Structures are given as C-alpha cells and as structure tokens.
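To start, the structure itself, in structure tokens.
The values are calculated or read from the model by the stated rules, or taken from the named source; none is laboratory data. Only a predicted model underlies this, so the values are computations on that prediction, with no experimental measurement involved. As a convention, Cβ positions derive from the backbone with ideal geometry for all residues, glycine included, and neighbour counts pool all protein chains shown.
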Amino acid sequence: MMNYSRITGLGYYVPENVITNNDLTKWMKTSDEWIQERTGIRERRYFEYGKDTNYSMATAASRQALDRAGITANEVDVIIYATITPDYFFPGSAFLMQRELKMDGKPVIDIREQCSGFVYALSIADQFIKTGMYKTALVVGSEIQSSLLNKSTEGRNTAIIFGDGAGAAVVQATSDPSHSILSTHLHADGRFAEELYMKDPGSSRELPFSKDLIDEGGFNVYMNGNAVFKHAIVKFTEVIQEALNANGYQSSDVNLLVPHQANIRISDYVRQQMGLAEDQVINNIQRFGNTTAASIPIAMAEAWENGKLKEGDLICLAAFGSGFTWGSALIRW
Ligand code: COA
C-alpha cells in the first residue's frame, strides 16, 4: 500500500504588537502611501521583548495546529522547523520547541531556506511520510525579524517589508491519494546569495563581533530589491508551472493559490499570469508584512479559518526568497 501525506491541522500565532506604516515614520523617512503603493503592506507585528520568542510563537502555532488535527504532541514523530531568525546561534529553535512540547527523544530538524523555508520543510515531511519512516510530522515556520532590521532611513527598503509571526501544519500519513500532497518542487541558486542576506555574525571572520562590523551594517538585512523582484516574478511563475505540468494540470484547474507573502505586486503579477480571480489568491501581507518562513502557514491557517480550504480543491503553494530559493507544492485538499 502506498503512503501519501496530508495536512490535517493548521495554526498560527502573531504578536499583539501592531506596527502601522505611520509608526515606522518615527524611525525613518517614509510614508504610508509609499509603502502601500510599493508593497501593499499597511501594518505588521513586532514581537514583545520578554513575552515572545521565536520558539514560543512556534509553540503557540503548533499547539493550535495539533488541536485542530485532534492529536497531541506525543503522537508527533518529527519536528521540521524553518527559520532564519533562531533564538540561539545554535542549537536551533526546534530543540526549544521540542522541550516546550515535552517531546523528549523525538527527532527535530532545523532548516533555513529563508522565504522558501516552509515549502522545503513540507517537502521533507512529505518524503519522510511517503517512505514510511514517519507517520506524523509537525512542520513550522517562525520568525522574529524586527530586532534584526535597520529601522533608520538607511535601511528603509527592507525594514518596511518584514514582520514577525509563526505558523504550523500537522502533516499525517494517509492511504488516500485524493486528499493528499500531490508533489513538491524545490530549487536554489547560490549565485545570488548576496542579493538578499544578512552577512554577520559570520564564522569566517577574523573577529565576528567587532564594532567595525556593526558599523559596516553586516548585522542588518541587506536586499537588492529590484533584483529580488525581477527574479521572484519569473521563478514563482516557473515553479507553479512545473508543479502543474508534473501532475497534468493547468492554471485553470487551481482553486486557490497561497503564495509566500513577499510583496502584493508580486502576488498580483502571478495571479494575472495564471488567470486567477482575486478571491483565488490568499493575501494577508496587508496586515502582517512579509514573515519569511512563517508566511505560507499563517496564510493557510487563516484561509482554513475562513473556510477557503475546501475538500477536493486543488491548492497551490509557492515561494521565492533569499538564497535564491524557490519552490511549490500542489495539494488536493
Ligand atoms: N520609503 C520611502 N522611500 C523609499 C523607501 C521607503 N521605505 N525605500 C526606498 N525608497 C526610495 C529610494 O531611496 C529611492 O529613492 P531615489 O529614487 O531618490 O533614490 C526610491 O524610493 C526607489 O527605490 P527602489 O529601491 O528602486 O524602490 P523600488 O521601486 O524597487 O521598491 C521595494 C523597493 C523593496 C519595495 C521593491 O524593490 C520590492 O518590493 N522588491 C521585492 C522585495 C521582496 O519581495 N522581498 C522579499 C522577497 S522574499
């Protein structure tokens, strides 16, 4: 008997602290109008120091996903945790969440594929389940980015985009291919590693923590916005087409697209290329900004809450991000 995998529960957590575009003008020269026009973002959440941590947000999202799947943490065989903003340099935040969920002895995998992190993590879960090695995986994306942004005018092209939050999915084995993950497609291109990156603290430095390095800005996120934009619109479209081709579908067969929330203009472009209606694409970047690895599971969890993930629907996930990385997943819900 073949094993397939399906998502049986989704959850998310975002910090209470809402930062509007107007709030950002306290730190940098920008405007609500500029930000909304270029990115679609109206507000984002920032973690509350002393209350939220990367792993506490992931734990909250996971508990909700487990609850909705109707299982306990004891029944999970593996945690796959995507983040580029871990609580510690090492070990990864998956260990801290595993401890919180009292899952001693269960394997954890930390992955860091940036904005494509959740799609990569989901693909890993799918492979583990298809081989029969595990029956239940907890797949998480969680990010605290607000503490790593340069919020002065100098860093405004990145600072306006990113926000904090976490999303989680319970992925379980099923023998029924008609409600399962149909395929995942992953890509990377390291030639563009420095187009969107955070350089420090790098281990290959003579002095990884010198004041000079801090002054040089290596501890802040750097992004070549134009280069990212240009590649994103091409790769999003390509990797969605790859998923459709692999399964013998075309764009018009897709009921719902859940794109990584990079920028509303990127999502709109992809939507138009695919010929989808506005209500066939999930967009919540207006309220949460770009939450990197957390963005797809947050968007999916909200879509589920709003009754937008309907049994039998063809759901397409797609992501693009730093690395560069890109990927897609096609799901028969
Ligand atoms: N507020 C006001 N002005 C800003 C600004 C801000 N937050 N950020 C940049 N500007 C200014 C620039 O200084 C520049 O001014 P100048 O022409 O006087 O030099 C002007 O706006 C245009 O800057 P540019 O960086 O070329 O803007 P852009 O049109 O490329 O928009 C992004 C910038 C970041 C919105 C856009 O490149 C983008 O969305 N890229 C994709 C990013 C993305 O999706 N990243 C996530 C990938 S996972």
Note on segment 292-333: residues among the β-branched types (Val, Ile, Thr) and either in a strand (DSSP E or B) or within 10 Å of the ligand (Cβ to nearest atom) (or both) are Thr292, Ile315, Thr325, Ile331
Requiring at least 2 residues that are away from the ligand (no atom under 16 Å from the Cβ) and surrounded by fewer than 22 Cβ atoms within 10 Å (Cβ to Cβ), the strands (runs of 3 or more DSSP E) wholly within segment 38-152 are 108-111
Residues of segment 265-286 being more than 14 Å from the ligand (Cβ to nearest atom) and either of a type in the set (Gly, Ala, Ser) or under 14 Å from Gly327 (Cβ atoms) (or both), in sequence order, are Gly275, Ala277
Screening Glu195, Glu206 for residues that are charged (D, E, K, R), out of contact with any strand residue (DSSP E or B) (no Cβ under 7 Å at 6 or more places or on another chain) and more than 16 Å from the ligand (Cβ to nearest atom) leaves only Glu206
If we keep only residues of segment 154-176 that are polar (S, T, N, Q) and more than 23 Å from Ile79 (Cα to Cα), then the residue nearest to the chain's Cα centre (by Cα) is Thr158
Checked against (1) free of Cβ contacts under 8 Å to residues at least 24 places away in the same chain; (2) assigned to a loop (DSSP other than H, G, I, E, B); (3) of a type outside the set (Val, Ile, Thr), Asn245 satisfies every condition except (2)
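Just one of Ala294, Ala319, Ala243 is over 23 Å from Leu182 (Cβ atoms) and outside the structural domain of Arg68 (by TED's automatic domain parsing); which is it?
The conditions single out Ala294.
Filter segment 250-264 down to residues that are over 21 Å from Ser322 (Cβ atoms) and in contact (Cβ under 8 Å) with a residue 24 or more places away in the chain and give me whichever is nearest to the ligand (Cβ to nearest atom). Lay out the reasoning, then the answer.
Just the residues of segment 250-264 that are over 21 Å from Ser322 (Cβ atoms), to begin with: 250-257.
Subsequent filtering for residues that are in contact (Cβ under 8 Å) with a residue 24 or more places away in the chain retains 251, 253-257.
Values: Ser251: 22, Asp253: 27, Val254: 21, Asn255: 25, Leu256: 21, Leu257: 16 Å.
Here the residue is Leu257.
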